Amino acid sequence: MLNIGVLVSGGGSNLQAIIDKIESGYIKNVSIVTVVSSKPDAYALERAKKHGIKGICISRKTFNNIDEYDEALISHFKAHEVDLVVMAGFLSILGERFTKAYEGRVINIHPALIPSFCGKGFYGIIPHQKVIESGVKVTGATVHFVELEADAGPIILQKAVYVQDDDTPEILQKRVMEQAEWEILPEAIRLFAENRLVIEGRRVKII
Ligand code: GAR
């Protein structure tokens, strides 16, 4: 059994997609042992509760510095014997201690095709606004291993989504979630759980 801990900050639709694929049996031998929110009022915590999953808020604001925040997260995940940390719409920044302690065992979903529309400041609705402003015809989502630098780790899966002429950022965000994020994030977890991801430098081989 692979124990996963899920980091969230908002609505939790990606968390829901993972829960649904575990409950349907598409993802086997995986258990969500804890959901950690950066915000106390995140709807993601309600979703966890509805499915009998323990949730907690650990907010960066309540710590003096990033090292203390990292240590709190590390001890929480250690106490829950977490094997894989999944950032599913997590909008706080993780520090060096955390990324080192869980190297190769943290994955993130980003709502654009990395290395475009990513990095510092590109989160939530913002990548979709920038995509529309830029005039690109294709965007999508990326699941990648997490390194200290934002959105920079080895890429596991990507899926493209077309931008339509009359898209607003909100309409595009919804399409990217439905057509890409909710598919590739659970899929990456399934591949990890089946030991099918091999990191070779910047590349992730799926075996
Ligand atoms: C998702 O679009 C996710 O890709 C994005 O926040 C949204 C959360 O939605 N994450 C980032 O921007 C991280 N850089 P959700 O709470 O409904 O899953």
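Some observations on this one:
- A straight chain from residue 28 to residue 120 at 0.36 nm per residue would run longer than the Cα-Cα distance by 29.7 nm.
- Rounded to 5, the percent of DSSP beta bridges in the chain classed as antiparallel: 45
- Working note: 222 nm ellipticity from helices only, DSSP H runs with n ≥ 4, each -39,500 (n - 2.57), summed and divided by the residues of the chain, gives -9500 deg cm²/dmol to the nearest 500.
- Relative to the longest principal axis of the Cα atoms of the chain, helix 182-193 runs at roughly 40 degrees.
- Using a simple spin-label model with pseudo-atoms 7 Å out from Cα toward Cβ, residue 81 and residue 207 lie 2.6 nm apart.
- Net charge of neighbours whose Cβ lies under 10 Å from the Cβ of residue 69, counting Lys and Arg as +1 and Asp and Glu as -1: -1
- Taking the range 69-151 and dividing mean pair separation by its residue count, relative contact order in percent (alpha carbons under 8 Å, at least six apart): 34
- What the pair-distance distribution of the range 156-207 shows, using all Cα-Cα distances binned every 5 Å from zero, is 4, 19, 22, 17, 13, 11, 9, 5, 0 percent.
- Among 129, 35, 13 the positive-end extreme of the charge dipole of the range 1-153 (Cβ point charges): 13
- Note on the chain: along the principal axes its Cα atoms extend 49, 40, 38 Å, ordered by decreasing extent.
- The long axis of helix 13-23 is offset from the longest Cα principal axis of the chain by roughly 60 degrees.
- Put the Cα centre of the range 145-207 next to the Cα centre of the range 19-67 and the gap is 19 Å.
- Descending principal axes extents, the range 13-91, alpha-carbon based, whole Å: 42, 25, 19
Read-outs: derived from the displayed coordinates by stated rules, not from any lab. All values derive from a computational prediction rather than experimental measurement. Cβ: placed from backbone, ideal geometry, glycine included. Neighbour counts: every protein chain shown.
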